[in-house]
Amino acid sequence: MPDPAKKLKNFFSKACANLHYSPYVRHYLFTSNVKSSVSVSIVVSLLEIFMLVSIFTGAVDSGGMQNQTWVTNHVIAYIILLITSIAMLIYSILFLKSKIKSYFIGYLLKIIFIMIAITFGIYISYTSYDARGQVFAFITMELFSLCILVLHPINTFIVLTSSFALYLYFQNMIMPLSYSIKVNIFTAWIATLLSARNIHHQRRIEAQKGEEIEKINSQLRKNATINELTGIPNFFSFQQTTEKLLKDESVDISDMRFIFMDIENFKNYNEKFGFSKGNEFLKKTGGIVSEVFAGDTVAYFSDDHFIAFSSVKGLSKKLELVKEKIQAEEKSIHLGLKTGLYMPESRNIASNIALDYARYASSSIKKHSIHNVAEYNTHMDIAFSKKQYIINNIDSAIEKGYIQPFYQPLVWAKDGSLCGAEALARWIDPEFGLLSPADFIPILEEYHLIHKLDMHIMREVCRNIRAAYDSNLPILPTSINLSRLDFMLADPVKEVSDCINKYNIKKTDIHIEITESALADSPDEIMKALNSFREQGFSLWLDDFGSGYSSLNVLKDFSFDMMKLDMKFLLRFSDNQKTRPIISSMVELAKKIGMQTLSEGVESPEVFSYLREIGCERLQGYLFGKPMPPEEFRKKITSGEFKVSV
Ligand code: C2E
Ligand code: CA
Ligand code: CA
């Protein structure tokens, strides 16, 4: 059983120093008291000076009570109160100017002031020369002490009750108090108590509100500089620190490098273990990078990219260490680290531009290369500016019509007649010539701009189909490619169906291709989007089947109309004994689960006839036609070179 005396003691000690409040609230209450002290002490000091002057000039009418002792005692009382007020004033000003930090002195002064002020009030009232004004000095001092300097309600109660009791006691000594005066004093006690309590309550509420706001602000400040996923600084914070360092003349910039780290094969990690494990891994990597680069500026950039700003001395060792630690975390996948470096050439370079160079250097490292660090050099300038050109000109290229779908024929395996087409993007640029998807798709994905391209291709496809209707040409269902990011950056379901309505074409005229890797550990948005494509009657095609880790899982979780077998299966078709049984079992599997199959990359009659034999329904490949401009594709249909049988 807890000791009740101890509990009581605890309760009072907490109340006295407001210990049950948070430090913020305590500080707020303390500071607001210090602020009030300034005005209280000025007013009290002026009053005391006025009273002293009044006594010395004889302005005070003592009503016959004024003798030498009375005057001396009053003067002493005024002077004591005056000194206390001045001490409080000095402390308060120094505290507010942060010249004095001690809370202890503040508490002490406050207690001394309150005790002296109230004793003074009782004394002056008690020895008052004017019986009608007796109560005023006392009440004024009570108000100064308890309503302006706000105390905890328990303290207010104790101070107020004991001082009122003393006052009553002394007044009663002068002459027994009437019942009505006692009632009046009791009412004054209650009124003072309530107003002191109310003021305390209001201040506490203000303080607590302030605390809430402060909490939110500090969270916002933290969010603004810390990346939530990895718990290490974000790019914004990196930018601020590095720009300060670059401006610092004592930093030798030729010794510094912007470092862009890219985890190699992280995509495979995500595919194999799923996104939440992938995120955990990124968090661990964040820890590794901060640990190895302790003392340097590091941050999380995006995807599986980390950045740092560090001296070139000892840098290769650090990078080697980061790589080893990452590899030690997961041995079943060959994870690597591709790092790009950039030496700032001027103190004015913006960190995002410096990082673009470093990033470019990192992307120049080929897969499986023995080198895993590259420094940006002038040879990279052309390729770098091509990349920057793509990023900066995607909008205008779309607008000016530089980007167009090319059409590649899809044929029936049974007779080689046309069953559809796949729209494949081409960027025909006045400066760089013909750009193929490999030149721009990875860049657009990296910079989260891919939806602009995909939605444009989709619109062009719909427009071309409308034109075919209008010219009475045979209508070929056309496949469009969607990227995983489209679902994050846009609303493809809405865009596609709006476009179909706009051009008044059929849902069956468009097939949606999505790669199996886009579906690995799919977030809900993709699941929902695919379901709604399906509900609206679009045909869903699973692209590049067999190219990743997750092929079979994808089949379990989603239903597709078509399985597009990755062209990788057909590599070394003639000399690899295993190729044929693998392909035929895929086709068989697809049939069992109610899907059709399409083989990509058919380049020879030998492959064609094999695929037909094993029952693969559709084919695509250079044997039947390369991707070509829409006009050429249309001409081949009208000339009869391509026979259509949809
Ligand atoms: P994909 O969807 O698998 O497209 C098939 C790719 O294989 C095309 O390359 C095509 O030209 C090529 N191909 C077709 N038949 C043969 C063949 O017999 N032999 C060989 N060696 N290659 C063949 P392309 O047009 O360069 O496109 C590459 C990839 O870029 C596409 O692969 C697709 O993933 C992506 N892509 C193309 N256009 C778009 C687009 O508009 N949006 C998105 N998101 N991705 C696109
Ligand atoms: Ca495709
Ligand atoms: Ca494909």
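The values are calculated or read from the model by the stated rules, or taken from the named source; none is laboratory data. Computed from a predicted structure; not experimentally measured. We place every Cβ from the backbone using ideal geometry, glycine too, and count neighbours over all the protein chains shown. The accessibility values were calculated without ligands, DNA or RNA, using every heavy atom of the protein model including side chains. Shrake-Rupley method; radii C 1.70, N 1.55, O 1.52, S 1.80 Å.
Here are the numbers for this structure:
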{"item": "Volume per residue that the Cα convex hull of the chain spans, once the total is divided by residue count, Å³", "result": "299 Å³"}
{"item": "Surface share of carbon and sulfur [accessible, 1.4 angstrom probe, percent] for the stretch 440-592", "result": "51 percent"}
{"item": "Calculated from backbone phi, Karplus (6.51, -1.76, 1.60) coupling profile of the stretch 74-87 in Hz, x at Gly/Pro", "result": "5, 4, 4, 4, 4, 5, 4, 5, 4, 5, 4, 5, 5, 4"}
{"item": "Interatomic Cα distance distribution for the stretch 155-265, bins of 10 angstrom, percent", "result": "11, 20, 15, 11, 10, 10, 10, 9, 4, 1"}
{"item": "Ellipsoid semi-axes in whole angstrom, largest first, where each is sqrt(5λ) of the Cα gyration tensor of the stretch 408-529", "result": "24, 19, 16"}
{"item": "Counted charge near G231, where neighbours are those whose Cβ lies closer than 13 Å (Asp, Glu -1; Lys, Arg +1)", "result": "0"}
{"item": "Cα long-axis angle, helix 492-503 against the chain (0 to 90 degrees, to the nearest 10)", "result": "60 degrees"}
{"item": "Neighbour-limited loop hits for GluC sites (Glu not before Pro), the stretch 589-635 (at most 16 other Cβ within 10 Å; DSSP other than H, G, I, E, B)", "result": "E603"}
{"item": "Inter-probe distance in nm under a simple model that places probes 7 Å from Cα toward Cβ, at T127 and F50", "result": "2.1 nm"}
{"item": "For the stretch 20-98 and the stretch 568-623, distance of Cα centres in Å", "result": "99 Å"}
{"item": "Charge dipole (debye, nearest 20) of the stretch 375-441; +1 at Cβ of Lys and Arg, -1 at Cβ of Asp and Glu", "result": "200 debye"}
{"item": "Nitroxide proxy distance, nm - points 7 Å out along Cα→Cβ at S396 and T225", "result": "3.9 nm"}
{"item": "Value of [θ]222 nm, deg cm²/dmol, for the chain, DSSP H segments ≥ 4, -39500 (n - 2.57) each, nearest 500", "result": "-19000 deg cm²/dmol"}
{"item": "Calculated FRET efficiency for the pair S250/K592, C-beta based, R₀ 60 Å, to 0.05", "result": "0.25"}
{"item": "Peptides ranked, highest mean first, by Cβ atoms within 10 Å: ranges 251-264, 33-46", "result": "251-264, 33-46"}
{"item": "Length gained when the stretch I353-H448 is fully extended (0.36 nm per residue, less Cα-Cα span)", "result": "32.5 nm"}
{"item": "The stretch 493-646, relative contact order in percent, only Cα pairs under 8 angstrom and at least six apart counted", "result": "15 percent"}
{"item": "Under Karplus coefficients 6.51, -1.76 and 1.60, residue-wise ³J(HN,Hα) of the stretch 151-163 in Hz, glycine/proline x", "result": "10, 4, x, 5, 5, 4, 4, 5, 5, 5, 5, 5, 6"}
{"item": "Length-normalised contact order of the chain in % [C-alpha pairs under 8 Å, at least 6 apart]", "result": "9 percent"}
{"item": "Cα lying deepest toward the dipole's positive end in the chain, options L319, P233, S37, charges on Cβ", "result": "S37"}
{"item": "Cα gyration tensor category, rounded, prolate or oblate, for the stretch 25-98 with a/c compared to 1.5", "result": "prolate"}
{"item": "Amide H within-cut-off set for S417, under 5 Å, with H built and near neighbours excluded", "result": "W412"}
{"item": "Accessible surface, 1.4 Å probe, highest first, among residues W541, W70", "result": "W70, W541"}
{"item": "Two-site FRET efficiency, N184 against Q240, from Cβ-Cβ distance with R₀ of 60 Å, rounded to 0.05", "result": "0.40"}
{"item": "Under Karplus coefficients 6.51, -1.76 and 1.60, residue-wise ³J(HN,Hα) of the stretch 233-242 in Hz, glycine/proline x", "result": "x, 9, 4, 4, 5, 4, 4, 5, 5, 5"}
{"item": "Long-range HN-HN contacts of M628 with modeled amide H, under 5 Å", "result": "Y407, Q408"}
{"item": "Paired Rg and Dmax values of the stretch 520-646, which use every Cα atom, in angstrom", "result": "16.4, 46"}
{"item": "N67 versus N377: modelled label distance in nm, points set 7 Å from Cα along the beta carbon direction", "result": "10.9 nm"}
{"item": "Selection from P344, S396, G58, by position along the positive dipole direction of the chain (Cβ)", "result": "G58"}
{"item": "Per residue solvent-accessible surface (Å²) - the chain, probe of 1.4 Å", "result": "50 Å²"}
{"item": "For the stretch 173-274, size of Cβ-based charge dipole, Lys and Arg +1, Asp and Glu -1, in debye", "result": "960 debye"}
{"item": "0 to 90° range, to nearest 10: angle between helix 351-363 axis and the chain longest Cα axis", "result": "30 degrees"}
{"item": "Surface share of carbon and sulfur [accessible, 1.4 angstrom probe, percent] for the stretch 175-325", "result": "57 percent"}
{"item": "Relative contact order of the stretch 411-506, defined on C-alpha pairs under 8 angstrom at six or more residues apart (%)", "result": "32 percent"}
{"item": "Residue among L444, I500, N481 farthest towards the positive dipole end of the stretch 418-530, charges placed on Cβ", "result": "I500"}
{"item": "Local electrostatic count, A188, Cβ distance below 13 Å [Lys/Arg +1, Asp/Glu -1]", "result": "0"}
{"item": "Nearest-20 debye value, the chain charge dipole, Cβ charges on Lys, Arg, Asp, Glu", "result": "2100 debye"}
{"item": "C-alpha center-to-center spacing [the stretch 442-496, the stretch 407-435] in angstrom", "result": "14 Å"}
{"item": "FRET efficiency for V43 and T119, using Cβ-Cβ distance with R0 set to 30 Å, rounded to 0.05", "result": "0.95"}
{"item": "Neighbourhood charge, 13 Å Cβ-Cβ cut-off, centred on L246 and excluding it, Lys, Arg +1 and Asp, Glu -1", "result": "-2"}
